[in-house]
Amino acid sequence: MRNLWWKDATIYELYVDRFAGTFRGLVDRLGYLEDLGVNTLHILPHFPSPMRDGGYDVMDYLNVRPELGTLDDFDALVTAARARGMRIMIDFVLNHVSEHHPWFLEARTSRDTRRRDFFHWSDTGLEWAGEWNAIPESKSSNWIRNEATQDFYYATFYPEQPDLNWANPAVFDAMITNMEFWADRGVSAFRLDAVRALVKHEDERQDEYETHDIVRRIRAHLDHKYDGEIALLAEAHLPLHQLISFFGNDDECQLVYNFPLAEALVESMVMGTDEHLEDIAKRSQNIPRGCAWATFIRNHDELSLATLPHERREALMNRVDAKRRYVFGSGGGPALRLADLVGDERIDEAYARLIQIPGAPIIYYGDEIGMHNMPHVDSSDAREYVRGMFDWDAAERLQHDSDSLLKRMQTLMRSRPRSLQRAVARMFGAEL
């Protein structure tokens, strides 16, 4: 019988440097997370990187950034977490690498290099005109000029992040090898960043078919080698019916972020309307039994509000960021922490509502102590406002106040197993 540990996961999402400084520092903070009821740590990108995109521009998949420590320090974290019954999830960037990754450094020098077909190239830069441009403020087209070879490479995100060519079987083999490296070190789960963008095609339906085929093959490989113990979490900001497809027939991702639910929950908290939230929660129920939604309210990115109708989106934006000071990109959603969206005094109320919905709930680091946005300055990336340093002085004060937000969050999250049982029972018309 499979160990479906991800269905009982309570996940804490953090940057190592901004929460604890280093991996060794994070080992020293595990007791704090255990008191909060956390049993899974989601480590945001930790790979060597020029940090053009918060670490999502990877230079080396087989190491850690020197400022965070060493591989031995990472191993010490895994061992210490396991001793407390905690698992480690890492971010894994499938779609692209840094322009400084050795594969691309080689590929861009000549049309005849061994790594050339690890990436997408065009003589005209006119193909796939209908594909998603994730950051149009950074480029007018996803095709970026490469002077050395007098042609163009493809980048869905920043120009410094060339996309991998998953139609090349060697890319699949190389990336699986990278995943095995971390699974062999004790990593229990991979967050598949930007998984929706893996395949480029003129036909959107073909995109989806081939993308799901890649995910199924990754899942099958890891299931076979690790006896079904490794979980995959899909990060794909799409409408609900497309998100559900990333579960497959329980043969793709065991966990999928429920973006529409997060947006509906924030709307409900801010605007006082529950109809959309109730509708999303109801339509989220029909998923494979071996799978679970990853439910959250906020994270390290902006709250895009993409699944809300325009009128409701604008009404919510006018309420939380009328001057559009914290918007990521043109027409994006607010990069605001939960405390700035709903107020410090309602954070535990928001999480109380979250854990009543079946899924693996995620706490974004600092929510439990009411962290606010960093001070406003002119920034090219508004997402940085929600990525501040964890306030350990505040945490210490709250720890000694029996009625503090932190204490209420500890009680709330540690009660979660019973809350989950009640929610699941209601889904099937039973009572506990």
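The values are calculated or read from the model by the stated rules, or taken from the named source; none is laboratory data. Every value quoted in this text rests on a predicted model; they were computed, and no experiment measured them. Cβ: placed from backbone, ideal geometry, glycine included. Neighbour counts: every protein chain shown.
Here are some notes:
- Residues (closer than 24 Å to I362 by Cβ, charged (D, E, K, R) and without any contact (Cβ under 8 Å) to a residue 60 or more places away in the chain) located in region 36-88: R65, R84
- Of the residues E99, E160, the single one that is surrounded by fewer than 19 Cβ atoms within 10 Å (Cβ to Cβ) and in contact (Cβ under 8 Å) with a residue 60 or more places away in the chain is E160.
- The number of residues in region 273-301 that are β-branched (V, I, T) and under 18 Å from F190 (Cα atoms) comes to 1.
- A residue that is surrounded by 16 or more Cβ atoms within 10 Å (Cβ to Cβ), of a type outside the set (D, E) and outside any helix (DSSP H, G or I) cannot be found anywhere in region 170-184.
- In this structure, E13 does not qualify as in a helix (DSSP H, G or I) and charged (D, E, K, R).
- Per the listing L71, L26, the residue uniquely farther than 22 Å from L192 by Cα, of a type in the set (A, V, I, L, M) and at pLDDT 95 or above is L26.
- Test for V199: is it free of Cβ contacts under 8 Å to residues at least 40 places away in the same chain, within 29 Å of D223 (Cβ to Cβ), assigned to a loop (DSSP other than H, G, I, E, B) and of a type outside the set (F, W, Y): yes
- Qualifying residue in region 245-252 (condition: crowded, with 24+ Cβ neighbours inside 10 Å and not in a loop (DSSP other than H, G, I, E, B)): yes
- Checked against the criterion of being surrounded by fewer than 23 Cβ atoms within 10 Å (Cβ to Cβ), touching a residue at least 40 places away in the same chain (Cβ under 8 Å) and part of a helix (DSSP H, G or I), the candidates H241, H237, H212 yield just one match: H212.
- Selection from region 121-143 of residues that are within 16 Å of E202 (Cβ to Cβ) and surrounded by 13 or more Cβ atoms within 10 Å (Cβ to Cβ): S122, G125, E127, W128, E131, W132, N133, S141, N142, W143
- Residue selected from region 33-51 under the condition in contact with a helix residue (DSSP H, G or I) (Cβ under 7 Å, 6 or more places away or on another chain) and of a type outside the set (D, E), by the criterion nearest to L338 (Cα to Cα): L36
- Looking only at region 273-296, residues that are part of a loop (DSSP other than H, G, I, E, B), modelled with pLDDT of 95 or more and within 21 Å of Y351 (Cβ to Cβ) come to 2 in all.
- Any hit, region 237-249, residues being touching a Leu at 6+ places or on another chain (Cβ under 8 Å) and not assigned by TED's automatic domain parsing to the domain that holds A134: no
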